[in-house]
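The values are calculated or read from the model by the stated rules, or taken from the named source; none is laboratory data. From a predicted model like this one, the values you see are computed outputs, not experimental measurements. Virtual Cβ from ideal backbone geometry, glycine too; neighbours counted across all protein chains shown.
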Amino acid sequence: MIQLNINGRSHQVDVEPNTPLLWAIREQVGLTGTKYGCGVAQCGACTVHMDGAAVRSCVIPASAAVGKKITTIEGLAKGSVLHKVQKAWVDHDVPQCGYCQTGMVMAVAALLQDKPRPTDADIDATITNICRCGTFQQVREAIHAAAKA
Amino acid sequence: MDQSLNLSRREFLISTAAVGGGLALGLQLPFGVNAAIAADVVPEVNAWVVIRPDDTVVIRVARSEMGQGTITGLAQLVAEELECDWSKVSTEYPTPGQNLKRNRVWGAFSTGGSRGIRTSHEYVRQGGAVARMMLVQAAANQWKVAASECSTADSVITHQPTGRTVTYGKVANAAGKLPAPDVKGIKLKDPKDWKIAGKSMKRFGAAEKVTGRQVYGFDLKLPGMVNAAIMECPVFGGKLKGFDAAKVSGMKGVKKVLRVGDTAVAVVADTWWHAKTALDALPIDWDLGANAKVSSASIAADLKAGLTASQAFVGNKSGDIKTALAGAARTIDAEYAYPYQNHACMEPMNATARYTPDKCEVWVPTQDGEASFAAVLEASGLPADKCEVYKLDLGGGFGRRGAFQDYVTQAVRIAREMPGTPVKLLWSREEDMRQGRFHPVMQCRMTGSFDANNNLTGLHMRLSGQSILASVRPAIVEKAGGKDPATFQGVAESGEHSLGYTFPNMLVDHAMRNTHVPPGFWRGVNINQNAIFLECFMDELAHAAGEDPVAFRRRFMAKHPRNLAVLNAVAERIGWDKPAPMGLHRGIAQMKAFDSFVAAACEISVEGGNKVKVHRIVAATDSGYAVNPAQIERQVAGSFVYGLSALFMQECTVKDGRIEQENFHSYNSMRIAQMPRVESIIMPGGGPIWGGVGEPTICVAAPAVLNAFFKATGKRIRSVPLKNHGIEMV
């Protein structure tokens, strides 16, 4: 049994310490907005924030998240008010199938926290999530729109 | 039956309303927010349309949403004829079981071949028009006036002579009791008059997708549910010999270790992570069979022999190619090759099944609910009235989730071993990579002949490689005398994939060389390789003739005005007649596929001879009609991600009979840094035939870039992926 702080709430989670944080979040806490795409930190679909930084939760042992503040996509909005990245995503009609988009949104939210007005080069260097539908053109537009919001 | 499985419409609405404003923590709904079952307590107007007293409209369509926007587009077409208030529209999927009971009123469920809109636009519009007529008749009856005196707009019926109005919601109940008018007498709107269709409406569901509320198959939760991880014999055709369950049955959470059919073994546990961990630790004994000797090299050698084989199926011919080649002043030839590729949907394959002797239910992201239904019938052994499939929106499909329902069969087989318990079967990415239904391998020998004046006198395109239909739809191949007509997509004599050139003497033929690797319909299907073979070789021929590649193509396009129009459109927009900006090099390609005409022109730079940056792509699409231009733009831009990932990075190689690539580190996909700027030209040409959008553009991505690479370096690259040539996308 370990204790995880997720979206401002404390959760007692019954997992082995080396269980990936992704599966603790999905299967123990029950938050399924964080997605499995590869399990080897390649695709970014599982991106969450750990103490404010974007991390790929599929390769982080749950035990390494103890004592940290975890934010998942479900905790990004303030109540019913969407985060500016989420809003830009809706305004620009970014998601296609949408499966990778929660991870993409989390990665971008962390980027904007770091660099409020990112350049295209900042985006290229930081946002490395895979999207098989190919939403990148709209993603880039929406990042710049969110930065201006 | 558990309460949450037997959710009534009312409960469903309350549940979704409760989470609508905030976040859905631990959402227990068996359906996605946008994928309610068609079991409304409010009576329907007709199969397509349900209108509630508050004027909200539910439009039911059978095709599947996997990111391509088809549900939004189809709803726009229904709403256009219905003349309802678009802001009040939502959609839901009917189930295959309901479709069966109602004499397939919703038509085909199959969502592939870019057919979602182009083959159902007529009956969905008729559905909307019929519903509108019934609503008007109900209002007219209420007012005791003639229906012809009433008009409709934005869900309001107006009696013109008196100005009386009533909303759809108020008369929907009465309308549903009226006899439906005969669709034969209905005149659908001229697209010129469209107000909802033809407009760039936002697709449904974006808010759910960016908040994590959207429930994918992977996310489904049912009370009492267990999770399964599976491994099928990695050598296709091999069998499961045995496994040592005792080694893992004591591991945490493990409930069952079981054989699934002849070829697979699964572990069932409380969580999927426990199931997967135990499966990874399970000693498995495979009977690999004779295919374990097959490798990429042995397959390539077999295909290579086909390039000069005497027997080949003729796909398209004109004139007399033999004489043309024999009498040529000179001939040039080139050999091309295209590899196996995996669809790599972001959401790996999955299905959830619950079986009892009286009922088998499956929840699945599927491109074809009826194919899933058929798989449930077969795997459960139950009759149709005891089976049902609930569709969920897909986390990508690309052709993997339509004709192939292997994951459904597996889930039902496992659920049969645990009657009453819902079993969620999830594939790992590794399983998804190993057990693809792969883009077929193909080699091609192109030969062109010129006379003494550099006129092209003949073209021979010899394909050698795998047939998809021989494996997936053998009856079609049998009927065609052994030929696979789909092999000739993009170079066919006629139809939705007809060749966009007329050559004086031409032969396109196919030496079929099938392998043990299961092929499938991979977004774009056979146009992907055919466009590379044809459009790169057209460049080679133009170069050999000392002519500009666009001018050279135009010589053979007099009878193909719509192909020519898209080619001209991209040439003009990119400035083909003027020199490219310093350091940039251009390439171009065109094709007709899925009844749409597409062309692309690109600008690339090449550093150090191998670092390719695609700066800009101009793409033109003539799909006859443009139901939602913004979604077409997104499909076109996304097509370049799919097509260029395939060109630069993707190959599934075979070693010891199995696919070697197991995850994205060895089967890569483009990232945002590599994304070119895409400019779409949407130029619907009208006419009786509607074209598809999801697939055609993919095929022009690769040849346009390959032709630009030649322009930049003087090197012809004739096999995919470019990583095998040391070329990378930056």
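Looking at the stretch A:51-87, which of the residues that are part of a helix (DSSP H, G or I) and within 9 Å of chain B (Cβ to nearest Cβ) is farthest from the chain's Cα centre (by Cα)?
As a first pass, look at the stretch A:51-87 and keep what is part of a helix (DSSP H, G or I): A:57-59, A:62-65, A:73-75, A:84-87.
From the residues that got through so far, the ones that are within 9 Å of chain B (Cβ to nearest Cβ) too are A:73-75, A:85-87.
Working: A:ILE73: 6, A:GLU74: 9, A:GLY75: 10, A:VAL85: 11, A:GLN86: 11, A:LYS87: 15 Å.
For the stretch A:51-87, the residue satisfying everything is A:LYS87.
Please enumerate the residues belonging to the stretch B:670-685 that are touching a residue at least 24 places away in the same chain (Cβ under 8 Å), in a loop (DSSP other than H, G, I, E, B) and within 10 Å of another protein chain (Cβ to nearest Cβ).
Selection gives B:MET670, B:MET675, B:PRO676.
If you scan the stretch A:1-36, which residues turn out to be more than 16 Å from B:THR211 (Cβ to Cβ), free of Cβ contacts under 8 Å to residues at least 24 places away in the same chain, polar (S, T, N, Q) and not in a helix (DSSP H, G or I)?
A:SER10, A:GLN12
With respect to the numbered conditions (1) within 26 Å of B:TRP522 (Cα to Cα); (2) surrounded by fewer than 24 Cβ atoms within 10 Å (Cβ to Cβ), which one is the sole condition not fulfilled by B:VAL376?
(2)
Assess whether B:GLY176 counts as being more than 10 Å from every other protein chain (Cβ to nearest Cβ), touching a Pro at 6+ places or on another chain (Cβ under 8 Å), surrounded by fewer than 21 Cβ atoms within 10 Å (Cβ to Cβ) and on the phi > 0 side of the Ramachandran plot.
no
Take the stretch B:711-727 and flag every residue that is part of a helix (DSSP H, G or I), under 17 Å from B:LEU584 (Cβ atoms) and either hydroxyl-bearing (Ser, Thr, Tyr) or out of contact with any strand residue (DSSP E or B) (no Cβ under 8 Å at 6 or more places or on another chain) (or both).
Once the filter is applied, which keeps residues that are part of a helix (DSSP H, G or I), under 17 Å from B:LEU584 (Cβ atoms) and either hydroxyl-bearing (Ser, Thr, Tyr) or out of contact with any strand residue (DSSP E or B) (no Cβ under 8 Å at 6 or more places or on another chain) (or both), the stretch B:711-727 yields only B:THR713.
Specify which of the listed residues (A:THR34, A:THR19) is hydroxyl-bearing (Ser, Thr, Tyr) and within 17 Å of the chain's Cα centre (by Cα).
Criteria check complete, one pass: A:THR34.
From B:VAL423, B:VAL441, B:VAL408, grab the single residue that is away from every other protein chain (no Cβ under 14 Å), touching a Pro at 6+ places or on another chain (Cβ under 7 Å) and either of a type in the set (A, V, I, L, M) or farther than 27 Å from A:LYS35 by Cα (or both).
Residue meeting the stated conditions: B:VAL441.
Going through the stretch B:595-636 one residue at a time, which ones are within 11 Å of chain A (Cβ to nearest Cβ), surrounded by 24 or more Cβ atoms within 10 Å (Cβ to Cβ) and under 30 Å from B:LYS189 (Cα atoms)?
Result: B:ASN628, B:GLN631, B:ARG634, B:GLN635, B:VAL636.
State whether one or more residues within the stretch B:135-143 are closer than 30 Å to B:GLY399 by Cβ and at pLDDT 95 or above.
Checking the stretch B:135-143: not a single residue is closer than 30 Å to B:GLY399 by Cβ and at pLDDT 95 or above.
Please go through the stretch B:439-455 and give me each residue that is surrounded by fewer than 24 Cβ atoms within 10 Å (Cβ to Cβ) and within 37 Å of the chain's Cα centre (by Cα), ordered by number. Show your work before the answer.
Step one: of the stretch B:439-455, the residues surrounded by fewer than 24 Cβ atoms within 10 Å (Cβ to Cβ) are B:445-447, B:450-455.
B:ARG445, B:MET446, B:THR447, listed by residue number.
Say whether the condition of being assigned to a strand (DSSP E or B), under 24 Å from B:GLN529 (Cβ atoms), under 22 Å from the mean Cα position of the chain (by Cα) and more than 8 Å from every other protein chain (Cβ to nearest Cβ) is met by at least one residue in the stretch B:660-669. Spell out how you get there, then give the answer.
Here is the first cut: in the stretch B:660-669, the residues assigned to a strand (DSSP E or B) are none.
No.
Being outside any loop (DSSP other than H, G, I, E, B), out of contact with any helix residue (DSSP H, G or I) (no Cβ under 6 Å at 6 or more places or on another chain), among the hydrophobic types (A, V, I, L, M, F, W, C) and more than 7 Å from chain A (Cβ to nearest Cβ) is the filter here, so list the residues in the stretch B:207-228 that pass it.
Residues of the stretch B:207-228 that are outside any loop (DSSP other than H, G, I, E, B), as a first pass: B:207-211, B:217-219, B:226-228.
Now narrow it down to the ones that are out of contact with any helix residue (DSSP H, G or I) (no Cβ under 6 Å at 6 or more places or on another chain): B:208, B:211, B:217-219, B:226.
Still in the running and among the hydrophobic types (A, V, I, L, M, F, W, C): B:218, B:226.
The one that is outside any loop (DSSP other than H, G, I, E, B), out of contact with any helix residue (DSSP H, G or I) (no Cβ under 6 Å at 6 or more places or on another chain), among the hydrophobic types (A, V, I, L, M, F, W, C) and more than 7 Å from chain A (Cβ to nearest Cβ): B:VAL226.
Yes or no, residue by residue, for (1) more than 25 Å from B:PHE450 (Cβ to Cβ); (2) touching a residue at least 12 places away in the same chain (Cβ under 8 Å):
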site	(1), (2)
B:LYS483	yes, yes
B:GLY495	yes, no
B:THR502	no, yes
B:MET506	no, yes
B:THR515	yes, yes
B:ASN526	yes, yes
B:ALA544	no, yes
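Taking the stated definitions as given, is B:GLY395 under 22 Å from B:ASN99 (Cα atoms), buried (at least 23 other Cβ atoms within 10 Å of the Cβ) and either in contact with a helix residue (DSSP H, G or I) (Cβ under 8 Å, 6 or more places away or on another chain) or without any contact (Cβ under 8 Å) to a residue 24 or more places away in the chain (or both)? Steps first, answer last, please.
Working: under 22 Å from B:ASN99 (Cα atoms): no; buried (at least 23 other Cβ atoms within 10 Å of the Cβ): yes; either in contact with a helix residue (DSSP H, G or I) (Cβ under 8 Å, 6 or more places away or on another chain) or without any contact (Cβ under 8 Å) to a residue 24 or more places away in the chain (or both): yes.
It is false that B:GLY395 is under 22 Å from B:ASN99 (Cα atoms), buried (at least 23 other Cβ atoms within 10 Å of the Cβ) and either in contact with a helix residue (DSSP H, G or I) (Cβ under 8 Å, 6 or more places away or on another chain) or without any contact (Cβ under 8 Å) to a residue 24 or more places away in the chain (or both).
Could you grab me the full set of residues in the stretch B:614-665 that are within 16 Å of B:MET683 (Cβ to Cβ) and aromatic (Phe, Trp, Tyr)?
Answer for the stretch B:614-665, where residues must be within 16 Å of B:MET683 (Cβ to Cβ) and aromatic (Phe, Trp, Tyr): just B:TYR625.
One residue is enough: does the stretch B:132-151 have a residue meeting the conditions over 13 Å from B:ASN46 (Cβ atoms), among the hydroxyl-bearing types (Ser, Thr, Tyr) and in a loop (DSSP other than H, G, I, E, B)?
Among the residues of the stretch B:132-151, not one is over 13 Å from B:ASN46 (Cβ atoms), among the hydroxyl-bearing types (Ser, Thr, Tyr) and in a loop (DSSP other than H, G, I, E, B), which makes the answer no.
Any idea how many residues of the stretch B:355-389 are closer than 10 Å to B:VAL408 by Cβ and part of a loop (DSSP other than H, G, I, E, B)?
Qualifying residue count for the region: 1.
Please list, ordered by first then second residue, the pairs with beta carbon atoms under 6 Å, 6 or more apart or interchain, first in the stretch B:71-100 and part of a helix (DSSP H, G or I), second among the aromatic types (Phe, Trp, Tyr).
Between residues of the stretch B:71-100 that are part of a helix (DSSP H, G or I) and residues that are among the aromatic types (Phe, Trp, Tyr), the close pairs are B:THR72/B:PHE204; B:VAL78/B:TRP48; B:ALA79/B:TRP86; B:GLU80/B:TRP194; B:PRO96/B:PHE373; B:ASN99/B:TRP106.
Is it true that A:VAL108 is part of a helix (DSSP H, G or I), more than 9 Å from chain B (Cβ to nearest Cβ) and closer than 30 Å to B:PHE398 by Cα?
Yes, satisfied.
Could you tell me which of the residues B:PHE556, B:PHE552, B:PHE533 is assigned to a helix (DSSP H, G or I) and surrounded by fewer than 24 Cβ atoms within 10 Å (Cβ to Cβ)?
Selected residue: B:PHE552, the only one of B:PHE556, B:PHE552, B:PHE533 that is assigned to a helix (DSSP H, G or I) and surrounded by fewer than 24 Cβ atoms within 10 Å (Cβ to Cβ).
Residue by residue, here is whether (1) surrounded by fewer than 24 Cβ atoms within 10 Å (Cβ to Cβ); (2) within 11 Å of chain B (Cβ to nearest Cβ); (3) closer than 29 Å to B:VAL215 by Cβ holds:
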| site | (1), (2), (3) |
| --- | --- |
| A:CYS97 | no, yes, yes |
| A:GLY103 | no, yes, yes |
| A:ASP114 | yes, no, no |
| A:ILE123 | yes, yes, no |
| A:THR128 | yes, yes, yes |
| A:PHE136 | no, yes, yes |
| A:ILE143 | no, yes, yes |
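In the stretch B:242-256, what residues are outside any strand (DSSP E or B), more than 14 Å from chain A (Cβ to nearest Cβ), in contact with a helix residue (DSSP H, G or I) (Cβ under 9 Å, 6 or more places away or on another chain) and not aliphatic (A, V, I, L, M)?
B:LYS247, B:SER249
If I go through the stretch B:402-436 residue by residue, how many of them are β-branched (Val, Ile, Thr) and in a helix (DSSP H, G or I)?
Of the residues in the stretch B:402-436, the ones β-branched (Val, Ile, Thr) are B:408-409, B:412, B:414, B:421, B:423.
Now narrow it down to the ones that are in a helix (DSSP H, G or I): B:408-409, B:412, B:414.
Residues in the stretch B:402-436 being β-branched (Val, Ile, Thr) and in a helix (DSSP H, G or I): 4 in total.
Look through B:ALA344, B:ALA351 and report the one residue that is buried (at least 24 other Cβ atoms within 10 Å of the Cβ), part of a loop (DSSP other than H, G, I, E, B) and aliphatic (A, V, I, L, M). Steps first, answer last, please.
Working: B:ALA351 fails: part of a loop (DSSP other than H, G, I, E, B).
Result of the check over B:ALA344, B:ALA351: B:ALA344.
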